[in-house]
Amino acid sequence: MSDPGLPRPRKRPRQQRSRALVEAIREACIRILEQEGADRLTTQRIADVAGVNIASLYQYFPNKEAVLAEVYENAMRELVAGMAEEFPRIDRLTQQGLEATLAAIIDQEIALLLQLYRMHPEFYLQYQQSLDIRARVNEFTQSLANPSWERWFPHLLRQHRECLREGNIETMAFIARRSLDATLQAALTERPEVLEEPAFREEVLTLLLRYLLK
């Protein structure tokens with residue numbers, strides 16, 4: 001299904017009172033998803049839990065999808081900010097070996113995908129192109145003057161050139177990255193439950209290692 005682009009709010013709050021109202025609406029949406037489930041999410045239910053009039057909700061959001069989009073955008077910002085603590089850990093792992101580094105990357109990628117997917121699976125699958133967490137992490141990484149994922153991965157392979165098979169590093173890095181992305185995306189779309197399984201992560205790691213190593 002093609003991504004139509006995230007639903008947008010009617011307007012942004014400007015005053016403290018209106019910002020508090022919109023925050024209450026977002027928090028109510030999260031509470032419903034966590035405590036009652038996606039099936040219970042309606043604009044009326046959001047308004048009730050937020051303690052606001054439904055008309056006040058509609059001043060800022062045309063429908064529940066627009067509220068969900070705001071919730072997802074906030075969640076994405078928090079996830080991306082949390083990645084700042086992960087960068088040094090991943091970088092230290094590169095000294096321990098390629099396998100340990102790739103295993104950590106796989107775990108990290110899956111953890112990010114699952115956090116977004118679990119919030120509202122149907123919404124996330126519909127708008128996943130607009131909710132591309134890897135692209136957001138890439139932007140954040142580069143804002144800290146770090147190399148992008150595309151530049152960092154070939155560098156990782158060069159650090160372990162002695163254990164790699166013969167081949168062009170840039171090409172191998174591209175194929176490995178794309179294979180990882182495609183595999184995780186297919187699993188999320190077709191069999192999301194396998195992302196929880198350690199055996200699946202081991203298989204993905206094996207796929208990459210058998211392609212890359214001698």
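Each reported figure results from applying straightforward, stated rules to the coordinates on display, with no laboratory input. None of the values given here were measured: they were computed from a predicted structure. Ideal geometry is used to build each Cβ from the backbone, glycine not excepted, and the neighbour counts take in all protein chains shown.
Loop-located GluC sites (Glu not before Pro) in region 128-172 (DSSP state other than H, G, I, E, B) with a sparse environment of at most 12 neighbouring Cβ atoms within 10 Å: 166. DSSP H helices in the chain with Cα extent of 30 Å or more along the helix axis and mean Kyte-Doolittle hydropathy at least -0.5? Flagged H segments are 98-119, 169-190.
Here the Gaussian network model covers the chain, with springs between Cα atoms less than 10 Å apart; of 107, 132, 39, 39 fluctuates the most.
The distance from the alpha carbon centre of region 145-214 to that of region 41-82 is 36 Å, rounded to a whole number. For q = 0.13, 0.14, 0.17, 0.23 Å⁻¹, what log10 I(q)/I(0) does region 63-170 give under the Debye formula with an equal point scatterer on each alpha carbon and no solvent? Calculated log10 I(q)/I(0) at the listed q: -0.57, -0.64, -0.86, -1.27. Normalising the Debye intensity of region 16-66 to I(0), with uniform scatterers on Cα atoms only, and taking log10 at q = 0.14, 0.16, 0.30 Å⁻¹ returns -0.28, -0.37, -1.23. Over the chain, the fraction of Cα-Cα pairs per 10 Å bin, rounded to whole percents and listed from the shortest bin up, is 7, 29, 30, 19, 11, 4, 0. Each residue in 214, 11, 64 was given a count of other beta-carbon atoms within 10 angstrom of its own, and listing them fewest first yields 214, 11, 64.
Using a 10 angstrom cutoff on alpha carbons, build the Gaussian network for the chain and name the most mobile of 129, 35, 159. Per the Cα network of the chain with a 10 Å cutoff, 35 tops the list.
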